[in-house]
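Asks: Have a look at the structure that comes next, please.
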Amino acid sequence: MTGKLKTVSPVDGSVYVERPYAAPEDIAQALTRAVRAGEVWRDVPVAERAEVCARAVDAVVAARDDIADEITWQMGRPIRYSPAEVGGFEKRARHMIAIAPEALADVGIGDREGFTRFIRRQPLGIVFTVAPWNYPYLTSVNSVIPALMAGNVVILKHSAQTPLAAERYAEAFVAADLPTGVFQFLHLDHPSTAKVIRAPEVDFVAFTGSVSGGEMVEAAAQGRFIGVGLELGGKDPAYVRADADLDFAVENLVDGAFFNCGQSCCGIERLYVHERVYDSFVGGFADLVGQYKLGDPTDPETTLGPMVRAEAADFVRAQTSDAISAGAKALIDPSGFDTDGEGTPYLAPQVLTGVDHSMSVMTEESFGPVVGIMKVGSDDAAVDLMNDSRFGLTASIWTADKTAAVAIGGRVDTGTWYQNRCDFLDPALAWTGVKLSGRGCTLSALGYEALTRPKSFHLRTKTLG
């Protein structure tokens with residue numbers, strides 16, 4: 001392998017990080033170390049694993065300010081928001097550590113006379129985590145900490161946009177005295193990533209990223225009969241019912257659509273609003289979006305930073321332009337945002353009305369600061385439109401009626417259903433998706449199931465005459 005990883009900062013176009021890619025011998029050595037380390041780590045008691053992982057979390061939290069600065073420069077999130085990612089990382093990690101003893105405990109099924117029977121959850125071996133750039137710690141922690149707590153060893157391949165996240169993990173685990181080889185990272189290009197997935201030493205792949213990336217992972221793992229966890233993004237909808245608290249809905253849905261410049265797999269990308277409150281909602285929504293300050297993300301006053309790269313911004317520009325050409329109306333004047341410009345990662349937020357599902361902005365993942373709003377006349381119409389998608393990660397309803405929220409939620413094809421909330425992940429709940437949003441489950445006690453294999457113990461303790 002030749003070449004180097006280069007992280008071009010969307011802040012100013014400079015090369016922020018440069019690292020050599022792992023050579024074939026580096027990969028082979030990492031896999032050998034992982035196998036040897038796994039033979040020891042799997043037998044370490046859960047309580048001791050918890051102590052080590054907790055110390056690693058402490059180390060990450062202690063580096064919060066430096067990590068926040070690195071996040072901003074690597075992927076463009078405004079510095080006023082970047083520190084919160086470390087807080088979210090800590091919350092998820094500590095929750096998964098806390099529930100591990102119970103989640104990993106033997107499953108008793110009751111004894112029969114003369115027999116002892118139970119199911120033990122055993123580690124898989126090597127977990128290969130492939131993590132994305134948009135939330136470099138919040139996405140990777142979903143598999144890294146639970147995998148280690150379950151007795152697995154981990155090799156982390158982080159996005160070329162956020163390689164310092166992988167290095168920060170390694171520093172934290174060194175500070176925590178994690179045994180050598182139990183956690184490692186590799187800077188890899190795509191062909192080498194596929195090579196690691198195909199390696200016979202790897203026992204599970206945890207991937208977060210695009211649908212095309214998920215297809216690559218599945219193709220590389222084909223015929224290996226190993227577990228593959230896929231979180232592949234979404235086109236997440238929200239439905240605002242006539243009885244919604246409009247001020248509350250506007251405030252939270254604007255944030256849900258435009259936080260992180262819309263670069264969130266569970267961000268709001270399409271809105272369906274009941275006709276009785278449509279005009280009031282749209283007016284308030286557009287007014288609030290117009291208050292964003294687009295600019296240099298290192299400025300604490302900036303509330304909307306650049307997208308990760310100019311090509312991503314141009315994709316959203318094209319989606320928006322196509323929708324307008326097909327009859328959509330743009331409610332936000334881009335000229336009010338000084339740094340917006342064609343061919344740059346800086347993109348003004350946009351709100352579109354007059355949209356429908358013939359437009360890609362309502363059907364294909366935008367992953368940027370644009371949202372379309374449609375008027376609906378009933379719950380049934382909203383459900384039909386929410387389900388009219390290839391994706392199904394999260395969806396939300398904004399209503400004062402809990403009974404209606406539960407009933408409607410049962411009809412919507414989604415992994416997570418919210419009432420009066422969006423773009424949020426509770427580590428006590430299973431994080432999962434349907435359709436092209438992926439396969440598998442992370443977080444909650446259920447998240448440990450994919451990271452372990454069941455082994456049944458059927459012990460005859462007494463010979464019956």
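Let's see how each residue does on (1) buried (at least 20 other Cβ atoms within 10 Å of the Cβ); (2) more than 19 Å from the chain's Cα centre (by Cα); (3) over 30 Å from Glu311 (Cβ atoms):
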residue: Ser366; (1), (2), (3): yes, no, no
residue: Gly372; (1), (2), (3): yes, yes, no
residue: Asp379; (1), (2), (3): no, yes, yes
residue: Ile397; (1), (2), (3): yes, yes, yes
residue: Cys422; (1), (2), (3): yes, no, no
residue: Pro427; (1), (2), (3): yes, no, yes
residue: Trp431; (1), (2), (3): yes, no, no
residue: Leu446; (1), (2), (3): no, no, yes
residue: Ala450; (1), (2), (3): yes, no, yes
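Asks: For the range 421-447, which positions are in contact with a strand residue (DSSP E or B) (Cβ under 6 Å, 6 or more places away or on another chain), part of a loop (DSSP other than H, G, I, E, B) and on the phi > 0 side of the Ramachandran plot?
Replies: Gly440, Leu443
Asks: Does the range 236-257 hold any residues that are surrounded by fewer than 24 Cβ atoms within 10 Å (Cβ to Cβ), over 19 Å from the mean Cα position of the chain (by Cα) and not small (Gly, Ala, Ser), and which are they? Lay out the reasoning, then the answer.
Replies: Let us first name the residues in the range 236-257 that are surrounded by fewer than 24 Cβ atoms within 10 Å (Cβ to Cβ), namely 241-248, 250-252, 254-255.
Now restrict to residues that are over 19 Å from the mean Cα position of the chain (by Cα): 241-248, 250-252, 254.
Those that are surrounded by fewer than 24 Cβ atoms within 10 Å (Cβ to Cβ), over 19 Å from the mean Cα position of the chain (by Cα) and not small (Gly, Ala, Ser): Arg241, Asp243, Asp245, Leu246, Asp247, Phe248, Val250, Glu251, Asn252, Val254.
Asks: Go over the candidates Arg55, Arg33, Arg49 one by one and state the one that is part of a helix (DSSP H, G or I), farther than 23 Å from Leu186 by Cβ and in the same structural domain as His187 (by TED's automatic domain parsing).
Replies: Arg55
Asks: Looking only at the range 277-319, how many residues end up being in contact with a helix residue (DSSP H, G or I) (Cβ under 7 Å, 6 or more places away or on another chain) and in a helix (DSSP H, G or I)?
Replies: 7
Asks: Could you figure out which of (1) under 16 Å from Glu231 (Cβ atoms); (2) in contact with a Lys or Arg (Cβ under 6 Å, 6 or more places away or on another chain); (3) surrounded by 15 or more Cβ atoms within 10 Å (Cβ to Cβ) isn't true of Thr414?
Replies: Exception for Thr414: condition (2).
Asks: Can we say Gln184 is in contact (Cβ under 8 Å) with a residue 12 or more places away in the chain, outside any helix (DSSP H, G or I), under 25 Å from Thr72 (Cβ atoms) and not hydroxyl-bearing (Ser, Thr, Tyr)?
Replies: No.
Asks: Now, a different point. Conditions: (1) in a strand (DSSP E or B); (2) assigned by TED's automatic domain parsing to the domain that holds Gly267. Arg453 meets all but one. Number of the miss?
Replies: Here Arg453 meets the rest and fails (2).
Asks: Go through (1) part of a strand (DSSP E or B); (2) in contact with a Gly (Cβ under 8 Å, 6 or more places away or on another chain) and name the single condition Asp247 misses.
Replies: (1)
Asks: Also, I was wondering about something else. So Lys6 clears everything in (1) part of a loop (DSSP other than H, G, I, E, B); (2) touching a strand residue (DSSP E or B) at 6+ places or on another chain (Cβ under 7 Å); (3) charged (D, E, K, R) except one condition, right? Which one?
Replies: For Lys6, the failing item is (1).
Asks: Could you tell me which of the residues Ala100, Ala105 is within 21 Å of Pro454 (Cα to Cα), at pLDDT 95 or above, assigned to a loop (DSSP other than H, G, I, E, B) and in the same structural domain as Arg49 (by TED's automatic domain parsing)? Show your work before the answer.
Replies: Values: Ala100 fails: assigned to a loop (DSSP other than H, G, I, E, B).
One residue alone meets the criteria, Ala105.
Asks: For Ile67, indicate whether it is aliphatic (A, V, I, L, M), surrounded by fewer than 21 Cβ atoms within 10 Å (Cβ to Cβ) and either assigned to a helix (DSSP H, G or I) or out of contact with any strand residue (DSSP E or B) (no Cβ under 6 Å at 6 or more places or on another chain) (or both).
Replies: On the way: aliphatic (A, V, I, L, M): yes; surrounded by fewer than 21 Cβ atoms within 10 Å (Cβ to Cβ): no; either assigned to a helix (DSSP H, G or I) or out of contact with any strand residue (DSSP E or B) (no Cβ under 6 Å at 6 or more places or on another chain) (or both): yes.
Judged against the criteria, Ile67 is not a match.
The values are calculated or read from the model by the stated rules, or taken from the named source; none is laboratory data. Model, not experiment: these values are computed from the prediction. Note that each Cβ is placed from the backbone with ideal geometry, even for glycine, and that neighbours are counted across all protein chains shown.
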